[in-house]
1. Looking at the range 236-251, is at least one residue at pLDDT 95 or above and at positive phi?
2. Mind checking which residues of the range 64-73 are surrounded by fewer than 24 Cβ atoms within 10 Å (Cβ to Cβ) and in contact with a helix residue (DSSP H, G or I) (Cβ under 9 Å, 6 or more places away or on another chain)?
3. Specify the residue that is nearest to residue 267 (Cα to Cα); the eligible residues are those in the range 131-161 that are within 14 Å of the ligand (Cβ to nearest atom) and touching a helix residue (DSSP H, G or I) at 6+ places or on another chain (Cβ under 7 Å).
4. Residues of the range 14-62 being within 16 Å of the ligand (Cβ to nearest atom) and under 21 Å from residue 120 (Cα atoms), which ones?
5. Out of 166, 156, 76, which single residue is without any contact (Cβ under 8 Å) to a residue 24 or more places away in the chain and either more than 14 Å from the chain's Cα centre (by Cα) or surrounded by 21 or more Cβ atoms within 10 Å (Cβ to Cβ) (or both)?
6. Out of 102, 119, 84, 128, report the one residue that is more than 29 Å from residue 174 (Cβ to Cβ), away from the ligand (no atom under 14 Å from the Cβ) and surrounded by fewer than 24 Cβ atoms within 10 Å (Cβ to Cβ).
Ligand SMILES: [Zn+2]
């Protein structure tokens, strides 16, 4: 299996080395462990766009999409975009987390909860750029787990978006409205590719989240979440959809004639936590001397970095008869002896389970 999920600083460096000199590269700070935080600048337009990815180190798909987007922008026929926009791109805000494949930085801090306190050097680097650039648009690029569906009835949320609130009342401030209309344009461009596969995040206000803080400061901000597409654990398909979303967004902002409405944004189904990776049916489960027959067992992968490769370790999630959850994969245990003791460790250690649930792609 080729690992495409892991995107450590070395891969970013290889990409940066190959870039044309027309891309201005600066180091805007250093991580806790002393790794440089890079920023790229492209274009000379008056509309300033600030984009940052891998604020959560294990969310690599949007970084991979930037690796596709930047060379595309530099193609000769994209001159109109480069004359309209100035792009400030931080492809990997959390290099320590990217290296260790963790959400948090090396201090164990979630940088997307550090917008007010700003205790971490990575948070300071971002907010300094935000103040310096004063962007007209901000893109907060993330990846989401496989647990989300696009609405209760929908498919897996392969993409999700949010125009973060700027206050507790979730008011439609001008900045927020602008972001909502832009998301509606992305949705329109991608809904045929991903029918019932695009979700909208819950918009409760949390000023510790960077997107909320930036919207509060008056900058239209969009949260992008690359999610799961069927059988795409390497996230190479959602990578393409994120790339397409970027193109759709900037073409929309460029061609201001194609208007969208705030109501179009609210038509996007809300993200629901209703998926697991696998549901196995007809399982016998033994729990402290009690035998449960004909059960459905939900299994959720745990992503672990082992020798430079992301392994998907099957882990017990829950069981029931029947479960109300949906799964990305269903297995019937009819001809398999799948009785096991109800404990997460037991499941992980059981070689038969491991073989059955390991991803082959
Ligand atoms: Zn994230």
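The values are calculated or read from the model by the stated rules, or taken from the named source; none is laboratory data. Being a predicted model, the structure only gives us computed values, none of them experimental. Neighbour counts are summed over all protein chains in view; Cβ atoms, including those assigned to glycine, are modelled from backbone coordinates with ideal geometry.
1. no
2. Applying the first criterion (surrounded by fewer than 24 Cβ atoms within 10 Å (Cβ to Cβ)) to the range 64-73 yields 67-73.
67, 68, 69, 70, 72, 73, listed by residue number.
3. 161
4. Quick first cut of the range 14-62, residues within 16 Å of the ligand (Cβ to nearest atom) only: 51-62.
51, 52, 53, 54, 55, 56, 57, 58, 59, 60, listed by residue number.
5. When all the criteria are applied, what remains is 76.
6. Details: 102 fails: away from the ligand (no atom under 14 Å from the Cβ); 84 fails: more than 29 Å from residue 174 (Cβ to Cβ); 128 fails: more than 29 Å from residue 174 (Cβ to Cβ).
Unique residue meeting the criteria: 119.
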